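Asks: One structure follows; several queries about it will come next.
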Amino acid sequence: MLRSAIERLYARYLLWQVKHIPRHVAVIQDGNRRFARDQGLDTAIGHRLGADTTEQVLDWACELGVRHITLYTFSTENFRRERSELTSLFALFQEKFAAILTDERVHKNHIRVQMIGDRSLLPDDLLATIDAAEKATLHYADYYINIALAYGGRNEIVHAARSILDEVKAGLIDPATINPMTVESHLNRGAPIPPVDLIIRTGNDCRTSNFLPWLANGHESAVYFCAPYWPAFRKIDLLRAIRVYDQRMRLQERM
């Protein structure tokens with residue numbers, strides 16, 4: 001109880017220090033499996049605890065005024081994991097997308113939910129649930145949650161290039177007019193995703209793992225690496241990350 005009270009005070013202190021709130025935060029949710037292993041738990045429980053943390057972080061982000069958040073939930077490389085783990089993960093994803101349909105927080109705060117990634121790689125039943133969640137929030141525009149599933153940054157750029165070529169062949173795009181904005185507009189065909197202001201990675205691994213290379217690295221986003229595994233991520237960790245972004249913005253103001 002004492003530790004909880006101290007963390008609340010520290011959270012207030014961190015928030016007091018922050019002047020700039022990022023518009024778009026991208027999170028690499030790393031460490032579910034290692035957390036489970038350290039706690040002597042089954043891997044599936046680690047993923048479920050991580051999903052619980054995700055819901056908390058979304059509440060905190062909304063409370064702080066972060067309008068766009070992108071979650072690196074499952075990469076194209078993750079398909080190499082054991083079949084039993086994949087089955088458990090897909091069932092968890094389906095459960096969470098289905099819950100969006102009746103989640104009061106989503107509808108009260110007008111949160112639009114969409115998936116980014118290669119839909120051709122996902123099971124049909126999961127895709128149907130994702131489609132239902134996207135349609136149920138299609139008309140919302142106050143906050144945006146992008147769930148990166150079957151996602152890989154290079155794969156995303158390859159798909160954008162193919163899409164642009166298709167439009168060039170159809171006479172819809174003049175090759176001479178192709179510029180960075182053209183590529184950016186083809187990265188995701190759902191709700192527009194703005195440049196990333198801040199990337200957070202948990203689990204004490206200091207790399208961005210092919211995550212949003214165009215929108216993050218291409219726009220020189222701030223990056224915050226932290227030690228806690230994703231299930232142990234706290235509000236003060238989020239505020240520390242935002243403080244890093246704030247410090248960068250203050251430095252730019254002085255230049």
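The values are calculated or read from the model by the stated rules, or taken from the named source; none is laboratory data. Owing to the predicted nature of the structure, the values given are computational and were not obtained by experimental measurement. With ideal geometry, Cβ positions are generated from the backbone for all residues, glycine too; neighbour counts draw on all protein chains shown. The area values use the complete protein model at the heavy-atom level, side chains included, leaving out ligands, DNA and RNA. Shrake-Rupley method; radii C 1.70, N 1.55, O 1.52, S 1.80 Å.
Asks: Figure the gain on full extension for HIS110 and LEU64 (residue separation times 0.36 nm, minus the Cα-Cα span) and round it to one decimal in nm.
Replies: Taking 0.36 nm per residue and subtracting the Cα distance, the gain is 15.0 nm.
Asks: Same structure, new question: Which value at 222 nm does the chain reach when only helices count, each DSSP H run of 4 or more adding -39,500 (n - 2.57), with the total divided by all residues and rounded to the nearest 500 deg cm²/dmol?
Replies: It comes out at -16000 deg cm²/dmol, rounded to the nearest 500.
Asks: At 7 Å along the Cα-to-beta-carbon direction for both THR87 and ALA99, put a label point, then send me their distance in nm to one decimal.
Replies: 2.3
Asks: Would you mind checking which residues have amide H under 5 Å from ILE200's amide H? H placed 1.01 Å from N; only 5 or more apart, or other chain.
Replies: Amide H neighbours of ILE200: ALA26, VAL27, ILE28, TYR224.
Asks: Starting at the first residue of segment 40-46, write each ³J(HN,Hα) from the Karplus equation 6.51 cos²θ - 1.76 cosθ + 1.60 with θ = phi - 60°, in whole Hz, x for Gly and Pro.
Replies: Values, residue by residue: x, 9, 5, 4, 4, 5, x Hz.
Asks: Just want to confirm a number: the relative contact order over segment 85-162, from Cα pairs under 8 angstrom separated by 6+ residues, in percent.
Replies: Reported relative contact order: 38 percent.
Asks: Measure out, as a whole number of angstrom, how far apart the alpha-carbon centroids of segment 219-240 and segment 86-132 sit.
Replies: 24
Asks: Quick one: Karplus J couplings for segment 61-70, per residue in order, coefficients 6.51, -1.76, 1.60, θ = phi - 60°, nearest Hz, x for Gly and Pro?
Replies: 4, 5, 4, 7, x, 6, 7, 10, 9, 10
Asks: Separate question: At 1.4 Å probe size, with every protein chain present, just tell me what the per residue accessible area of the chain comes to in Å².
Replies: The answer is 53 Å² per residue.
Asks: Where a ≥ b ≥ c are the square roots of the eigenvalues of the C-alpha gyration tensor, would you call segment 1-125 rounded, which needs a/c under 1.5, or, failing that, prolate if a/b is larger than b/c, or oblate?
Replies: Verdict is oblate for segment 1-125.
Asks: Please list, ordered by chain and number, the residues whose modelled amide H lies under 5 Å from the amide H of TYR144; skip anything fewer than 5 residues away on the same chain.
Replies: Result for TYR144 returns HIS68, ILE69, ARG112.
Asks: Residue by residue through segment 139-146, what is 3J(HN,Hα) from phi via Karplus (6.51 cos²θ - 1.76 cosθ + 1.60, θ = phi - 60°)? Round to whole Hz and write x for glycine and proline.
Replies: 8, 8, 8, 8, 9, 9, 10, 10
Asks: Once you keep just the Cα pairs under 8 angstrom separated by 6 or more residues, what percentage relative contact order results for the chain?
Replies: 29
Asks: From the Cα gyration tensor of segment 1-74, with a ≥ b ≥ c the square roots of its eigenvalues, which class applies: rounded if a/c is under 1.5, or else prolate if a/b is larger than b/c, or else oblate? Before the final figure, lay out the partial values.
Replies: On the way: a/c = 2.87, a/b = 1.38, b/c = 2.08.
Verdict is oblate for segment 1-74.
Asks: What is the set of long-range amide H partners of ASP118 at a cut-off below 5 Å, with H atoms built 1.01 Å from backbone N?
Replies: Those lying under 5 Å, H to H, from ASP118 are TYR151, GLY152.
Asks: Suppose every Lys and Arg Cβ carries +1 and every Asp and Glu Cβ carries -1, with no other charges. What dipole size does the chain come out with about its Cα centre, to the nearest 20 debye?
Replies: For the chain, the charge dipole is close to 840 debye.
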